[in-house]
Each structure stands twice: as structure tokens, then as C-alpha cells.
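K.L.:
Here you go, one structure.
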Number of protein chains: 2
Amino acid sequence: MRKIDLIAENGFKEKTFSNMLVHDCAFVKVINFNFEPGQELPVHSHDIEGELTITVLEGGGQFLGADGAEIPAKPGDVLVSEIADPHGFRAESRTRLLVHIAPPI
Amino acid sequence: MRKIDLIAENGFKEKTFSNMLVHDCAFVKVINFNFEPGQELPVHSHDIEGELTITVLEGGGQFLGADGAEIPAKPGDVLVSEIADPHGFRAESRTRLLVHIAPPI
């Protein structure tokens, strides 16, 4: 077993979100994204089978979806999405997200 | 896509931890565990292939491992473990954990 301290290991960047690969194995990929207010992970999708979760650890904003959909996001919220469905995020405060992708892309 | 508000949907129990299935699909199972101080998910393992992550959303305590191992756990910490390796958790304050198991058990 291995512990990753996200707060110690990944900070924030001025120009765009800061991402860090937390774990990658045959079953799941885990990525931490940190956002300053206003920074955005644009809506995107991949035409492959699988699902992902986006967990809000700190901060908040809007989960983004198809056709301009926005779903408010706060700590303790988890978004579940097919990898093939459009998904994204826009931060309204300093935000830490953890994304799990299974199977890994 | 579907949002789960863990704070609204899962509370705490007096006698033991409170667990809630967040998501289950062919690729990953996601479970939220909430602990009052002193409550424990005892060390256990399953003799199958796969990996799991334990993400601390709130509170803290100790990740538990084989041979009495303890690793301090605070918000933003992520433990990565083989499903077959012994793992557990003991809360020292009111704690919310999110566990991802891939592939699902």
C-alpha cells in the first residue's frame, strides 16, 4: 500500500489547472486536478467504454456536461459519468478534484 | 451523468460506521464510509486481483495495514492498495472516506 498526500504533492498554477497522475494500473487511472477560481477543464469525451468519477475534495464550481449543462459542485459531491459522455468542470473557488477512470484511458 | 451529494445522502451511526453504495458498474464500485471518532473498518483483504483507493474527504485517523501498520490519514490523502493486501481504517475524528474498487468485488 502507498499513500499519496495530494495537498503536499500538487499545487496550483496561474495560467491553467494543475494536474498530477496519482495512480495508474490495469484497472483504474487516478488523476488529481487543482484549479484556481475561473480555471476550467473544458467539456470533452472519449469514444471508449468505461466510466469515471469526479470527486470534489475542496472548493467548488460547476460540473459541465453536454449542451451547456451545469451542475453545482461542492466538497463531498461525486459526479459519475460514462467516459463517452461529455464532461468537464469550471472552478468558482480554489478547487481540488480527484478523478478515477476505469478502465484507464 | 449523475451527481451524488455524499453529505446529504449519508450520515453517521452511533454503533458502527455508516456505509453507502455510491456507484456500481462493470468497471468500478464506489462506496462512501462515514465514521464517528473511534469507529473502525477492521483490517481485511480479498484474495482477488484488482486495486482500490481510499480517499479521505473529511476528518482523519489512521490507515491500517498488515502486521499492525498505521499510516496517518488526513483530508486529501489517498491510499492505494491491492485488494489482496490487508487494509483498513480507524477514525480519530468524524471522517468521510470514499473507496473505489476496480474491478468491482
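K.L.:
Scan A:ILE105, A:ILE54 and give me the residue that is of a type outside the set (Ser, Thr, Tyr) and touching a Lys or Arg at 6+ places or on another chain (Cβ under 8 Å). Let's see the steps before the verdict.
P.N.:
Values: A:ILE54 fails: touching a Lys or Arg at 6+ places or on another chain (Cβ under 8 Å).
None of the other options fit; the residue is A:ILE105.
K.L.:
Next question. Check the range B:25-43 and report whether any residue there is out of contact with any Leu (no Cβ under 9 Å at 6 or more places or on another chain), without any contact (Cβ under 8 Å) to a residue 60 or more places away in the chain and among the hydrophobic types (A, V, I, L, M, F, W, C).
P.N.:
No, the range B:25-43 contains no residue that is out of contact with any Leu (no Cβ under 9 Å at 6 or more places or on another chain), without any contact (Cβ under 8 Å) to a residue 60 or more places away in the chain and among the hydrophobic types (A, V, I, L, M, F, W, C).
K.L.:
Pick out, from the range B:1-71, the strands (runs of 3 or more DSSP E) lying fully within it that include 3 or more residues that are under 16 Å from the mean Cα position of the chain (by Cα), closer than 24 Å to A:LEU98 by Cα and among the aliphatic types (A, V, I, L, M). Can you show your working first?
P.N.:
On the way: elements: B:2-5, B:18-24, B:29-35, B:40-44, B:51-58, B:61-64.
Where strands (runs of 3 or more DSSP E) fall fully within the range B:1-71 and carry at least 3 residues being under 16 Å from the mean Cα position of the chain (by Cα), closer than 24 Å to A:LEU98 by Cα and among the aliphatic types (A, V, I, L, M), they are B:18-24, B:51-58.
K.L.:
Evaluate the range A:75-82: report whether one residue or more is in contact with a strand residue (DSSP E or B) (Cβ under 7 Å, 6 or more places away or on another chain), at positive phi, at the interface with another protein chain (Cβ under 7 Å from one of its Cβ atoms) and not β-branched (Val, Ile, Thr).
P.N.:
Checked the range A:75-82: at least one residue is in contact with a strand residue (DSSP E or B) (Cβ under 7 Å, 6 or more places away or on another chain), at positive phi, at the interface with another protein chain (Cβ under 7 Å from one of its Cβ atoms) and not β-branched (Val, Ile, Thr).
K.L.:
Now a separate question. When the range B:64-80 is examined, which residues are found to be surrounded by 14 or more Cβ atoms within 10 Å (Cβ to Cβ) and over 18 Å from B:ALA91 (Cβ atoms)?
P.N.:
Residue satisfying the conditions is B:VAL80 alone.
K.L.:
Inside the range A:68-87, can you point out the residues that are out of contact with any helix residue (DSSP H, G or I) (no Cβ under 6 Å at 6 or more places or on another chain) and within 13 Å of B:LEU57 (Cβ to Cβ)?
P.N.:
Result: A:LYS74, A:PRO75, A:ASP77, A:VAL78.
K.L.:
Still on this model: Which ones in the range B:11-36 are loosely packed, with under 13 Cβ neighbours inside 10 Å and more than 10 Å from chain A (Cβ to nearest Cβ)?
P.N.:
Matches in the range B:11-36: B:GLY11, B:GLU14, B:LYS15, B:THR16, B:LEU21.
K.L.:
What residue, of A:GLY61, A:GLY50, is closer than 17 Å to B:VAL30 by Cα, surrounded by 18 or more Cβ atoms within 10 Å (Cβ to Cβ) and touching an Asp or Glu at 6+ places or on another chain (Cβ under 9 Å)?
P.N.:
Being closer than 17 Å to B:VAL30 by Cα, surrounded by 18 or more Cβ atoms within 10 Å (Cβ to Cβ) and touching an Asp or Glu at 6+ places or on another chain (Cβ under 9 Å) holds for just one of A:GLY61, A:GLY50, which is A:GLY50.
Quick note: the coordinates plus some simple rules give every number you see, no bench work behind them. Note that the structure is predicted; figures quoted are calculated from it, not measured. Cβ: placed from backbone, ideal geometry, glycine included. Neighbour counts: every protein chain shown.
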